[in-house]
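The values are calculated or read from the model by the stated rules, or taken from the named source; none is laboratory data. Computed from a prediction, not measured in an experiment: that's the story for all the values here. Ideal geometry is used to build each Cβ from the backbone, glycine not excepted, and the neighbour counts take in all protein chains shown. Heads up: the accessible areas ignore ligands, DNA and RNA and are worked out on the full protein's heavy atoms, side chains in. Shrake-Rupley method; radii C 1.70, N 1.55, O 1.52, S 1.80 Å.
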Amino acid sequence: MTGSLALLDSASLYFRSFFALPDSMRAADGTQVNAVRGFADTIARILTDRRPARLVCCLDADWRPKFRTDLLPSYKAHRVAEETGSGPDVEEVPDTLTPQVPIILDLLEAFGFATAEAAGYEADDVIGALATREKTVPVEVITGDRDLFQLVRTEPSPASVIYVGKGWAKAEVLGPAEIAERYSLPRETAGPAYADMSVMRGDPSDGLPGVAGIGEKTAAKLITQFGSLDALLEAAAAGDSRVPLKTRLRLSDAAGYLAVAPTVVRVAVDAPVEQSGPDTVPAAPADPERVAELAERWNLGNSVERLLKALPGA
């Protein structure tokens, strides 16, 4: 084992499994289980290839938190299937994926893997809080979501992202040096700088409009030049000649957005995380009989076998 702490962006990973694997993977009753099998296979690969000593599967308690939508109503608005008013909005999710999530949670519990969530927060916030708390061992964030690039750091303990946007076979290990090189950002502040760049660039997939006329390259250049979004906005407001007039006007036009977007984009590292149990990778399943029962009932065969063999005590 490496002694690292692996933090899994669970929804990101099982969504990708759902779309990557054939829908012909089904249980005897016809229930589709491609997301379950793909997620189990992903954990097995993480244990085999990365060999963490600790692992937490981080969950969305609220995929579209009120504190974010109060600031920016467009945040993930296009993904809403139903507004509830009294609780988390219902996300538009494929009908055959929804029934697989409880099976995934049952399997995690039977194996003894820790899960974590925070009421009113996204999995990104849970990951950010757990990563920030960790001061001694390396942290590896496993995700298919670029938003979490903002968590890379060198100290007090290194944190990197295992980015699986193109599948595990093409997984990329990205730390501050890699993020800095990829986006032309300063290495020493690559994580926070990525978040600031993201605010300016925007992200239509999350309902973030960004600053009109300022794309990724220009945003990165400005953040690198001034050190942070706050410093850039301060310079622009003061009429600093290093900020071109056209850029000053664009920032001024987007003042309302820029006042709230950083809170929306940055992970809430103070999220009140609740964890199901110890995060030590189990040497053997917590409930072997339950694991066998789930494997039989849901036709998880080879995926469960691979996960069993990947446990450190196997």
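Here the peptides 146-159, 238-251, 116-129 are ranked by packing, the mean other Cβ count within 10 Å, and the order with the highest first is 116-129, 146-159, 238-251.
If you fit an axis through the alpha-carbon atoms of helix 100-111 and take the longest principal axis of the Cα set of the chain, what angle between them do you get, 0 to 90°, nearest 10? It works out to around 70 degrees.
For the chain, the longest principal axis of the C-alpha atoms and the axis of helix 216-226 are separated by about 60°. Taking every protein chain into account, the accessible area of the stretch 127-189 amounts to 45 square angstrom per residue (probe 1.4 Å). Rounded to the nearest whole Hz, the Karplus-based 3J(HN,Hα) values (6.51 cos²θ - 1.76 cosθ + 1.60, θ = phi - 60°) of the stretch 243-259 follow the sequence 9, x, 4, 4, 5, 4, 5, 5, 5, 5, 5, 9, 4, x, 5, 5, 6, with x at glycine and proline. Heavy-atom surface analysis with a 1.4 Å probe gives the stretch 258-298 a carbon and sulfur content of 51 percent of its accessible area. Taking a ≥ b ≥ c as the square roots of the eigenvalues of the Cα gyration tensor, the chain is classed as prolate, since a/c reaches at least 1.5 and a/b is larger than b/c. Partners of K166 within straight-line reach, counting lysines whose Cα lies under 23 Å from its Cα and excluding those fewer than 8 residues away in the same chain: K76, K217.
Basic side chains Lys and Arg get +1 at the Cβ, acidic Asp and Glu get -1 at the Cβ, and with that the dipole of the chain about its Cα centre reaches some 1180 debye. Here each label is just a point 7 Å from Cα along the line to Cβ, and for R290 and K217 those points are 5.4 nm apart. The fraction of accessible area contributed by carbon and sulfur in the stretch 117-160 is 49 percent, rounded to a whole number (1.4 Å probe; ligands and nucleic acids excluded). Going by Cα centres, the stretch 180-258 and the stretch 107-159 are how many Å apart? Rounded to whole Å, the Cα centres lie 26 Å apart. Measuring nothing but how far apart in sequence close Cα pairs (under 8 Å, 6+ apart) lie, relative to its length, the chain scores a relative contact order of 24 percent. Give the shape of the stretch 172-211 as rounded, prolate or oblate, defined through the alpha-carbon gyration tensor: a ≥ b ≥ c are the square roots of its eigenvalues, a/c under 1.5 means rounded, and otherwise the shape is prolate if a/b is larger than b/c and oblate if not. Prolate. A simple packing score, the average count of other Cβ atoms within 10 Å per residue, orders the peptides 100-109, 266-275 as 100-109, 266-275, with the highest score first. Determine the shape class of the stretch 153-285: with a ≥ b ≥ c the square roots of the Cα gyration tensor eigenvalues, call it rounded for a/c under 1.5, and otherwise prolate if a/b is greater than b/c, oblate otherwise. In terms of gyration-tensor shape, prolate. Rolling a 1.4 angstrom probe over the protein heavy atoms with all chains in place gives the stretch 207-314 an accessible area of 55 Å² per residue.
Helix 288-297 and the longest principal axis of the C-alpha atoms of the chain enclose an angle of approximately 90°. Here's how it looks for T115: its modeled amide H is under 5 Å from those of C57, S276, G277, which are all 5 or more places away or on a different chain. Note on the chain: dipole from Cβ charges, positive end direction compared against L107, P94, I223; the farthest Cα belongs to I223. Which of the aspartates and glutamates could a cross-linker bridge to K309, judged by Cα under 15 Å and excluding same-chain residues fewer than eight apart? Here the aspartates and glutamates satisfying the reach criterion relative to K309 are D41, D49.
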